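Taking it in order: structure first as structure tokens, then the write-up.
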Amino acid sequence: MAEEMSIEDVRRARERELLDKPNVTGVGIGKKDDRDIIIVFVTHKVPESELRLEQVVPKSLDGYEIDVEEIGVVTAQGM
């Protein structure tokens, strides 16, 4: 029986795939109801009906739930 991947291994292995989707700016790990989840940060949410199938962020990856969070446009701040 294959060993289950840790959430960090899944994030690392699938991050590029997620970052290639429209509006995705980051991928992280968080908690929801005491469960580890993958968080996908987007500039703005778009209804699935307006996206092609390959552009949709999946509901889960390798058994870990995905939560999409809208954070707007991220810019570097000077000191």
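Every read-out reported here was derived from the displayed coordinates using simple, explicitly stated rules and does not represent laboratory data. Keep in mind that this is a model prediction, so the values were computed, not measured. A quick note on method: Cβ atoms are made from the backbone with ideal geometry, for glycine too, and the neighbour counts reach across all protein chains shown.
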Task: Which of ASP20, ASP36 has the fewest Cβ neighbours within 10 Å, and the rest in rising order - done: ASP20, ASP36
Task: Residue-averaged [θ]222 nm for the chain, counting only DSSP H segments that reach four residues, each worth -39500 (n - 2.57) - done: -5000 deg cm²/dmol
Open item on the list: Given the options GLY26, GLN77, THR43, identify the residue whose Cα lies farthest towards the positive end of the charge dipole of the chain (+1 on Cβ of Lys, Arg; -1 on Cβ of Asp, Glu).
Closed with: GLN77
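Determine the relative contact order of the chain: mean sequence separation of Cα pairs under 8 Å and six or more apart, normalised by residue count, in whole percent.
Values: 102 pairs, mean separation 21.8, N = 79.
Computed value for the chain: 28 percent relative contact order.
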Task: Between 0 and 90°, nearest 10: helix 7-19 axis offset from the chain longest Cα axis - done: 40 degrees
Task: Coil-residue trypsin sites (Lys or Arg not before Pro) of the chain, DSSP, other Cβ within 10 Å capped at 12 - done: LYS45, ARG52, LYS59
TODO: Under 20 Å Cα to Cα from LYS45, which lysines show up? Leave out anything in the same chain fewer than 8 places away.
DONE: LYS21, LYS32, LYS59
